[in-house]
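One structure is given here, and the rest of the page talks about it.
The values are calculated or read from the model by the stated rules, or taken from the named source; none is laboratory data. If you're wondering where the values come from, they're calculated on a predicted model, not measured in any experiment. Glycine also receives a Cβ, built like all others from the backbone with ideal geometry; neighbour counts cover every protein chain displayed. The accessibility values were calculated without ligands, DNA or RNA, using every heavy atom of the protein model including side chains. Shrake-Rupley method; radii C 1.70, N 1.55, O 1.52, S 1.80 Å.
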Amino acid sequence: MENNLVTQSNDLVSASYIMSVSEKELLLACISKIDSRPNRPTEVTKQTKFTISVNTMKELFYKETTRDNAYRDLKKSADRLFEREVTIKLEDNQTLRTRFVSGVLFDPNQAQITVTFAEDILPYLTELSVNFTKYRLHEVAELSSVHSIRLYELIVMWTNQFKYSKELDLADFKEIMGVQNKYKQFGQLRQFVIDRAIEEVNQKTNYKVSVSYKKVGRSFTSLNLSFHKKTLDKMTNNDGVLSQDKIKSIVNNPQFMNDYNDHPSLSYQGKMDTEEFKREMMHIIQKEPESFNKKNKGVDSYLAPIKQG
């Protein structure tokens, strides 16, 4: 798929599975080859093959190493991916348990593998017109932990749903991260999963994440994640959490309304009605702050009082 776009249903993003970072990278490389649009020119079926070469993996993930044993590592990742299963929660209290791939063809002469996706997983990767999450592979290429990649995917999903914080029971968080049978002590979970994932996302992606915890008695029971695009750092409070009041002051600024009434993400109603403009812009600013790219008119420039002529 052009530009290595990864598209998955939200059900798959929040599903439970165990996977190493090398397997996850291989899986994402395969997914990025799928044209997930409902009107795509070629149908994707359980017979459709997706070929990944050593060179492809090097270009996507291993830019700083020659990886002398790259094919051996690719084969090892494919062998393990073939064994992996995923649990997806459905409506009406139903649960789907399936595998990601149904077959892998190994070709050491060409230094490549060819993957066939499992039939039950395909609906979560194709025919996606609503309730899906997408990002480009380069956005996670520098992440070295599978937990960091999973956290990043969750953040992108929530942001697309106009959510900029999320509270999760620790048990649910562990299940999503595939560590439900590990880290019995909260301190271990925090050290080896939560803190490491947040640190990597903060250092190597376009998002800033902070976390707080809820305690019942002497036990920690849930965590609350707050997140925003780094380009919005000037609009955070002292605790590093995005300030809704500052964003509200921007959308109430008459000059901002004049400058961005033609924003491409605004609906027709948003362009015609002031209150609808404000409602939509509260979300657009947080979801895609980089789209406010008119010269000398970045969103943070509207925080200052309007200069009187």
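Data table
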{"item": "Summed side-chain charge close to Y268 - residues other than Y268 whose Cβ falls under 13 Å, Lys, Arg +1, Asp, Glu -1", "result": "-3"}
{"item": "Descending semi-axes in whole angstrom, ellipsoid equivalent of the stretch 158-215, from the Cα gyration tensor", "result": "20, 15, 11"}
{"item": "Kirkwood Rh, angstrom, the stretch 92-211 [1 / mean 1/r, Cα pairs]", "result": "16.8"}
{"item": "Cα centroid separation, the stretch 235-309 to the stretch 41-60 (Å)", "result": "40"}
{"item": "Positive-end residue of T236, A197, L223, charge dipole of the stretch 183-238 with Cβ unit charges", "result": "L223"}
{"item": "Fraction of accessible area attributable to carbon and sulfur, the chain (%, probe 1.4 Å)", "result": "45"}
{"item": "Inter-label distance for M282 and N237, nm, one decimal - labels placed 7 Å from Cα along Cα-to-Cβ", "result": "1.6"}
{"item": "Whole-Å distance, taken between Cα centres, linking the stretch 89-158 and the stretch 217-234", "result": "25"}
{"item": "Spin-label model distance (nm) - D273 vs F186, 7 Å beyond Cα toward Cβ", "result": "4.5"}
{"item": "Inter-site label distance for N261 and K166 at 7 Å from Cα along Cβ, in nm", "result": "3.7"}
{"item": "Nearest-20 debye value, the chain charge dipole, Cβ charges on Lys, Arg, Asp, Glu", "result": "680"}
{"item": "FRET efficiency, 1/(1 + (r/R0)^6) with R0 35 Å, evaluated for E119 and E59 via beta carbons", "result": "0.70"}
{"item": "Rounded to whole Hz, the Karplus (6.51, -1.76, 1.60) HN-Hα couplings of the stretch 93-99, x for glycine and proline", "result": "6, 8, 9, 9, 10, 8, 9"}
{"item": "Shape call, the stretch 181-242: gyration tensor on alpha carbons, a/c limit 1.5", "result": "oblate"}
{"item": "Computed helical MRE - 222 nm, the chain, DSSP H runs ≥ 4 contributing -39500 (n - 2.57), nearest 500", "result": "-10000 deg cm²/dmol"}
{"item": "Rg/Rg_ref, the chain, where Rg_ref = 2.2 N^0.38 Å and atoms are Cα", "result": "1.11"}
{"item": "With Cα atoms, 0 to 90° folded angle of helix 21-31 axis to the chain main axis", "result": "80"}
{"item": "Reachable lysines from K75, criterion Cα separation under 21 angstrom, eight or more residues apart if same chain", "result": "K24, K33, K49, K58, K63"}
{"item": "Accessible area per residue in Å² at 1.4 Å probe, computed on the chain", "result": "54"}
{"item": "Degrees, to the nearest 10: 70-83 long Cα axis against longest axis of the chain", "result": "90"}
